[in-house]
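Taking it in order: structure first as structure tokens, then the write-up.
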Amino acid sequence: MTSDSQFQQDKVPAPAQELRPTVETIDGESSDKGLRSGALSMATSLILAVASAAPAYSLTATLAFVVGYVGFQAPAVVVLAFVPILFVSFGYAALNRRDPDCGTIFTWATRSLNPSLGFLGGWAIIASFVLVIGSLAQVAGQYVFLLFGAENIGSDPADWRVLLAGLGWLALMTLVCYRGIEIAAAVQRALLFLEFGMLVALSVVALVKVYAGTAPTGTRRPSLSWLNPFQGASLSAFVSALVLMLFIYWGWETALTVNEETTDRHRVPGRAATWSTVLLVTLYLLATFAAISFAGIGDSGIGLNNPDNSGDVLYGFGTAVFGSSGFGSVLWHLLILMVLTSAAASTETTVLTLSRTMLSMGDQGALPRALARVHPRFRIPHVGTIAVGVIGAVVYVALNFLGHGLVLGDAVSACGVLIAFYYGLTGLTSAWVHRTGPHAGAANRWLTVVLPAIGGVVLLGAGAWSLVQAWDPINSGTSWTLPFSSGSRVGGTFVIGTGTILLGLLALLVCRRLYPAFFARRQTAAAHT
């Protein structure tokens, strides 16, 4: 962390730098954008990466649907989804060592492939985070009321009071990000400590009760057979569950987005990103085994296939594990607070990621230059930060009033296509960039070329599969009647996913006309070093 005296010495750069930061240099190395270099340590970078995945929120929103697809084989899906994510994280680390830029795949694909692909990679990041930010704010808003016992309000995601509470959390997290990367990181440390601690406590207590025989009737002891992907579920069900699991892991690349503010920015961000995926798979396996073992996969009571639990697994599960009286009540309230803080923490890292992606895109001339402005005191992209908060609030309000709030769930599901695209593009970009040139050995080639390519292909295939499956209304919370048809209906997830893709292509065409200099670029030396 920077000391107060150091902060006073360097907090005010030249006015010209604040208005128009230096852009990319000829050799392809990223320029000084005015961010606070060296502000984040390895530990802090790792915390940001894990917090961005919002483990408690992700499990709450997704685990029941995964169990609905594959039942007791859910732990196998946790591991299977981890493999391509880990492979792509190797590609992220390799690309970051060459070219640490907060634009990540936008910058890397622009310099190594072509500007149009880079722009679409940046668009996928922006669109996916904008779509999910409303859901994060909504969950935070709901859990404010659940924390204080107002279940009649908290259980209705479309309630206007939940909307106001969600907007309040979004505004608060935007303000935290505005005040500087150190403050944002400090808040993340506190929030993640509670989240990790409570998830581990919930899982351990649940498993202890299962083995002690004090769990509800119908529980089952964990079995290694639950890790067998060839038992009990069809290939179609496994692929669908795999795509859902991508959402649970999503967000760890935040460590790369803040790379220009990290110590040893060529190596630390990549290591933090890779280690965050390992921590996440460990936590998810523990929580998934505990939930399935204690709650079961039945369709009544606390069973994970009970439709009443599908949108919020941890609420009923936690009540049954901890109880509602005495010290159990304290732990149950801490569990509610855990989900609340998980959603709030992920909201904060969403603002961090988007503002820095737009900073890089503005800095390189792919978007308006105003987005590249850096606050002279707080050393953050203040225009981009405010823009993310405002755009996120507008999208949240709009989606909240469509389909009685169910559209927000479909928007989150549609993120899977965008996530698969820019993760997959990153894996393939790493393979392309490192296909030639000196290598330290066979192991290095596997880590920079072969494994990232495999991960990229798998994720792109999974994204395409999910889009095809989303056509069926049964796989979405809402559905839409196709125009000029005899009442045929299509899933809301497909509409939002394809609509976002088409909007991205339209944005590409518009920006090609507005910013021709950016799209006229050729590959730089950084792509060949």
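The values are calculated or read from the model by the stated rules, or taken from the named source; none is laboratory data. Remember, it's a predicted structure, so these values are computed and weren't measured experimentally. Neighbour counts run over all protein chains shown; Cβ positions are idealised from the backbone, glycine included. Just the protein is used for accessible areas: all its heavy atoms, side chains included, with ligands, DNA and RNA removed. Shrake-Rupley method; radii C 1.70, N 1.55, O 1.52, S 1.80 Å.
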What fraction of the Cα pairs in the chain, stated in percent, has a spacing above 42 angstrom? 16 percent
Answer with one residue from V417, G318, A393: the one whose Cα lies farthest towards the positive end of the charge dipole of the range 308-429, charges on Cβ with Lys, Arg +1 and Asp, Glu -1. A393
When the dipole is taken about the Cα centre of the range 67-207, and only Lys, Arg (+1) and Asp, Glu (-1) are charged at their Cβ, what size is it in debye, to the nearest 20? 400 debye
Dipole of the chain, positive end: most advanced residue of V449, A255, G296 [Cβ charges, Cα centre]: V449
In what sequence, largest accessible area first, do T274, T357 appear using a 1.4 Å probe? T274, T357
What accessible area, in Å² to the nearest ten, does a 1.4 Å probe give for T219? 40 Å²
Taking every C-alpha to C-alpha distance in the range 323-395 and binning by 5 Å from 0, the per-bin percentages run 4, 16, 18, 16, 11, 8, 7, 7, 6, 4, 3, 1
Expressed as a whole percentage, what fraction of the accessible surface of the chain belongs to carbon and sulfur atoms when a 1.4 Å probe is rolled over the protein heavy atoms? 67 percent
Sites R97 and F327, calculated FRET efficiency, Cβ-Cβ separation with R0 35 Å, nearest 0.05: 0.10
Which whole-number percent is the relative contact order of the chain (Cα, under 8 Å, 6+ apart)? 30 percent
Determine the per residue accessible area of the chain with all protein chains present and a 1.4 angstrom probe, expressed in square angstrom. 38 Å²
Quick check: from the Cα gyration tensor, does the range 122-197 come out rounded (a/c under 1.5), prolate or oblate? oblate
Averaging 1/r across every pair of distinct alpha carbons in the range 275-335 and inverting yields a Kirkwood hydrodynamic radius, in angstrom, of 12.5 Å
Restricting to Cα pairs under 8 Å and 6 or more apart, the percent relative contact order of the range 121-223 works out to 16 percent
Rounded to the nearest 20 debye, what is the charge dipole size of the range 177-311 about its Cα centre when +1 sits on each Lys and Arg Cβ and -1 on each Asp and Glu Cβ? 340 debye
Checked against the positive end of the charge dipole of the chain (+1 on Cβ of Lys and Arg, -1 on Cβ of Asp and Glu, about the Cα centre), the farthest of T493, W169, A39 is A39
The Cα extents of the range 274-417 along the principal axes, largest first and rounded to whole Å, are 54, 36, 30
Need one word for the range 371-529: rounded, prolate or oblate. Basis is the Cα gyration tensor (sqrt eigenvalues a ≥ b ≥ c); a/c below 1.5 gives rounded, then a/b vs b/c decides. oblate
Relative contact order, percent, of the range 36-179 when contacts are C-alpha pairs under 8 Å separated by at least 6 residues? 11 percent
With a ≥ b ≥ c taken as the square roots of the eigenvalues of the C-alpha gyration tensor of the range 199-288, please select rounded if a/c is under 1.5 and otherwise prolate if a/b is larger than b/c or oblate if it is not? oblate
Keeping all protein chains in the complex and leaving out DNA, RNA and ligands, what accessible area do you get for K33 with a 1.4 Å probe, in Å² to the nearest 10? 10 Å²
